[in-house]
Amino acid sequence: MYMDILKDILAWLSSHDTALFLFLNGMHNDFFDRLMWFVSDRFVWLPLYLLLACLVMRRGRLRRGMLCLVFIAVAVCLADQACSSLIRPLVGRLRPSNADNPISVYVHTVNGYAGGRYGFPSCH
């Protein structure tokens, strides 16, 4: 009984999620397409990461700051790998732009970039 209710809730959420995605994706315009393409590039954020690393180093002593940065790097790598290599394949939710996804024909992509196979959870 509870499994049926859970399946109904998940189906309801999925249909509303798809409708909201298609609505927002359909509102694309040239300015925001370019802006999101720019801010989603990983190298754009490099100056911010360097600034934060400098602030961590400045705040603490050299050894303590380096140790903190190493732990941050390890935590980010572990979280990213757990998300992309473990959780995504287990969940198996296709990206909307994936050719195997039935809604892919309705999805607007920027510069032809469709991403990888799975998109949930996001590894940001």
Inside the stretch 80-104, can you point out the residues that are touching a residue at least 24 places away in the same chain (Cβ under 8 Å) and under 14 Å from the mean Cα position of the chain (by Cα)?
Asp80, Cys83, Ser84, Ile87, Arg88, Arg93, Leu94, Arg95, Pro96
Out of (1) modelled with pLDDT under 90; (2) within 30 Å of Leu51 (Cβ to Cβ); (3) surrounded by 10 or more Cβ atoms within 10 Å (Cβ to Cβ), the one Ser104 does not meet is (2)
Six or more apart or on different chains, Cβ atoms under 7 Å: show the pairs whose first residue is in the stretch 7-18 and within 16 Å of Arg93 (Cα to Cα) and whose second is among the β-branched types (Val, Ile, Thr).
Thr18/Ile103
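One line per residue, one yes/no per condition, for (1) loosely packed, with under 10 Cβ neighbours inside 10 Å; (2) of a type in the set (Gly, Ala, Ser); (3) out of contact with any Leu (no Cβ under 6 Å at 6 or more places or on another chain):
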| residue | (1), (2), (3) |
| --- | --- |
| Arg34 | no, no, yes |
| Trp45 | no, no, yes |
| Leu48 | yes, no, yes |
| Gly65 | no, yes, yes |
| Ala79 | no, yes, yes |
| Val91 | no, no, yes |
| Pro96 | no, no, yes |
| His124 | yes, no, yes |
Return the pairs, sorted by first residue and then second, in which the second residue is in a helix (DSSP H, G or I) and open to solvent by less than 60 Å² (accessible area, probe 1.4 Å), the first residue lies in the stretch 105-124 and is in contact (Cβ under 8 Å) with a residue 60 or more places away in the chain, the beta carbons are less than 9 Å apart, and the residues are 6+ apart or on different chains.
Tyr106/Leu22; Tyr106/Asn25; Val107/Leu22; Val107/Asn25; His108/Asn25; His108/Asp33; Val110/Asp33; Asn111/Asp33
Only residues that are part of a helix (DSSP H, G or I), open to solvent by 70 Å² or more (accessible area, probe 1.4 Å) and under 17 Å from Ala114 (Cα atoms): list them for the stretch 9-31, please.
Leu24
Just give me the residues in the stretch 78-124 being part of a helix (DSSP H, G or I) and in contact with a strand residue (DSSP E or B) (Cβ under 8 Å, 6 or more places away or on another chain), in sequence order.
Arg88, Pro89, Val91
Reported set for the stretch 107-122 where residues are of a type in the set (Ser, Thr, Tyr), surrounded by 12 or more Cβ atoms within 10 Å (Cβ to Cβ) and closer than 24 Å to Arg34 by Cβ is Thr109
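The values are calculated or read from the model by the stated rules, or taken from the named source; none is laboratory data. Everything quoted here is computed from the prediction, not taken from an experiment. Cβ atoms come from the backbone with ideal geometry, glycine included; neighbour counts cover every protein chain shown. The protein model used for the area step is the full one, side chains on, heavy atoms only, and it has no ligands, DNA or RNA in it. Shrake-Rupley method; radii C 1.70, N 1.55, O 1.52, S 1.80 Å.
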